[in-house]
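The values are calculated or read from the model by the stated rules, or taken from the named source; none is laboratory data. Here the structure is a predicted model, which is why all the values come from computation and not from measurement. Here the Cβ is made from the backbone with ideal geometry for all residues, glycine too, and neighbour counts use every protein chain on show. All accessible areas refer to the heavy atoms of the entire protein, side chains included, with ligands and DNA or RNA removed. Shrake-Rupley method; radii C 1.70, N 1.55, O 1.52, S 1.80 Å.
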Amino acid sequence: MPFRDDELRFKTITLPCEWIEDYRPGSYHPVSLGDVFNDGQYKVMRKLGEGSFSTVWLANDLRNKNYVALKIVVSAVSGQMNEERILSCLATLPEGKRYTTQLLSEFEHKGPNGNHKCLVFEIMGPNVNVMVEELPQFKPRKREMRVRYPPTMAKSILKQSLQALALLHANGIGCGDFQPGNMLFGIDGIESLTEDKLWQEEGTGAAQASQVVGRLDGKDDLWAPSRLYVAQPLAQFTSYDNRLKIKLSDMGGAYFLSDPPSKLITPHGLRAPELVFAGKTGASLDVWSFGCLLFELITGEPLFCIVGSGHEDDDLALRFINRLGALPDEYYQAWKTLALYVKPDGTLFNCRLGGVRAGEEPLMMPQQSMEEVFDEAKPDLDEDECAQVKELIRWILQYDAAKRPSAEAILLHPWFQAIRLADDL
């Protein structure tokens, strides 16, 4: 190896993008605008996004004369992917194209950091986390402004994503990473645009779009790109009116329910208690995540906001108790660090993560139920509908996974039956 695993090689990158130190054998492939892949077929024009296991780029398919999304997977997991099998299964389903992003092609690319699986998808717009920031009513941003989707949009997003989830479960597939970052808006009208209209915008100042990569020792680096780019999703070409379309994307965390993985990549704030305390998998995990997202999209705030602390499971367990009430005995018994927070008689005495250290006092946070936090957020719904949604969330977020409703059952609930989509008209 030309460098140690714990060695910092690069000057600090201040842009919101992947960590530059991850450009090393086994990880990301270095990409620059204008690069071509698959024997000159795909020309990279713009960065659409990045994640822990891939970067995604807008590319011009020069052979088929259309635009595509090119997902380049880190080399360390490129040979261990379930994603292709899942996508192939979904492609055979009549409803697959409607609810999930379509895989158009795949190939392998050899680079300085290893062999990378490259997946070619239909082009889509921003994810649900990003698009809310692009809505015109939030520009310019003002202090104390509540940035959340209008109720009609939130309901459409929720119903379409739930339909996608029901499709996966009906065909024996668990999502494993059901979150707003994996829900993409449909896009219209870019095929008639020339490359220069879609090329990565440079940006300046606070909107800086790229930054030069430099090594601390001044040497050239063979494993990293010359620049890192900020993701620029195609928000200006995205449909967000009454006919908005949502598709579930990124099946990198998906799995066949009959063959669950040893570890899931579900974000901590969306993890079900049976996963946290017992490591159990199953379709009910995705249903729990959906219940959390129902709260989040209607209120504009996450139900369980978990930040990196080294004690994420403890943090989440405390928030379960706070928002939803006492845990079942089996989870208290499985909670390895229970004594740091709960007395033998079951009384919560401390919320300080990691326990009470010498010289410190126990920390108790205000206890607010899910319903109280929901009301405090003042959703844009009338009183009767607020009550209906809170009851719906409680029905979904049951500690006992066996009592939790299925995605199909939730779709039959009166609140979802009342949501009319463009395809229903």
### Query
Taking 0.36 nm per residue of separation and subtracting the Cα-Cα distance, what length does fully extending E108 through N66 add?
13.1 nm
### Message
What aspartates and glutamates does K280 reach when the alpha-carbon gap must be under 15 Å and sequence neighbours fewer than 8 apart in one chain are set aside?
### Response
D177, D259, D313, E330, D400
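For the chain, what is the accessible area per residue in Å², given a 1.4 Å probe and the full set of protein chains?
Spelled out: the 1.4 Å probe surface of the chain, per residue, equals 48 Å².
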## Note on the structure
Semi-axes a, b, c in Å (a largest) for the chain, each sqrt of 5 times a Cα gyration tensor eigenvalue, come to 36, 28, 22
### Query
Residue separation times 0.36 nm, minus the C-alpha to C-alpha distance between E371 and E133: what's the value?
83.1 nm
### Task
Inverting the mean 1/r over all pairs of different Cα atoms, compute the Kirkwood radius of the range 200-347 and quote it in Å.
19.7 Å
### Candidates per GluC sites (Glu not before Pro) in the range 323-420, loop by DSSP, up to 10 other Cβ within 10 Å
E360
### Message
Residue by residue through the range 27-38, what is 3J(HN,Hα) from phi via Karplus (6.51 cos²θ - 1.76 cosθ + 1.60, θ = phi - 60°)? Round to whole Hz and write x for glycine and proline.
### Response
10, 5, 8, x, 10, 10, 4, x, 4, 10, 10, 6
### Task
For N66, enumerate residues with amide H under 5 Å from its amide H, sequence gap 5+ or separate chain, H modeled in the peptide plane.
D61
### Query
So how do 162-175, 235-248 stack up, highest first, on mean other-Cβ count within 10 Å?
162-175, 235-248
### Summary
When the charge dipole of the chain is computed with +1 at the Cβ of Lys and Arg and -1 at the Cβ of Asp and Glu, the Cα pointing farthest to the positive end, of Y99, Q200, V342, is that of Q200
### Inter-part distance where the range 107-183 and the range 373-425 are each reduced to a Cα centre, Å
20 Å
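Within the range 327-425, list the trypsin sites (Lys or Arg not before Pro) lying in a DSSP loop whose Cβ has at most 10 other Cβ atoms in a 10 Å radius.
Details: sites: K336, R352, R357, K390, R394, K403, R420; in loops: K336, R352, R357, R420.
The qualifying sites are K336, R357.
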### Task
Tell me the trypsin sites (Lys or Arg not before Pro) within the range 262-306 that lie in a loop according to DSSP and have at most 14 other beta-carbon atoms within 10 Å.
K263, K280
### Evaluated over the range 331-425, the Cα radius of gyration and Dmax, each in Å
19.4, 65
### Message
How big is the dipole moment of the range 301-419 about its Cα centre under a simple scheme where the beta carbon of each Lys and Arg is +1, that of each Asp and Glu is -1, and everything else is neutral? Debye, nearest 20, please.
### Response
520 debye
## Note on the structure
Pseudo-spin-label distance A76 to D188, built 7 Å along Cα→Cβ, given in nm, is 4.3 nm
## Note on the structure
Within the range 94-119, the residues whose backbone N lies under 11 Å from a label point placed 7 Å from the Cα of F256 along the Cα-to-Cβ direction are none
### Query
If you place +1 on the Cβ of every Lys and Arg, -1 on the Cβ of every Asp and Glu, and leave all else neutral, what size is the dipole of the chain about its Cα centre, to the nearest 20 Debye?
520 debye
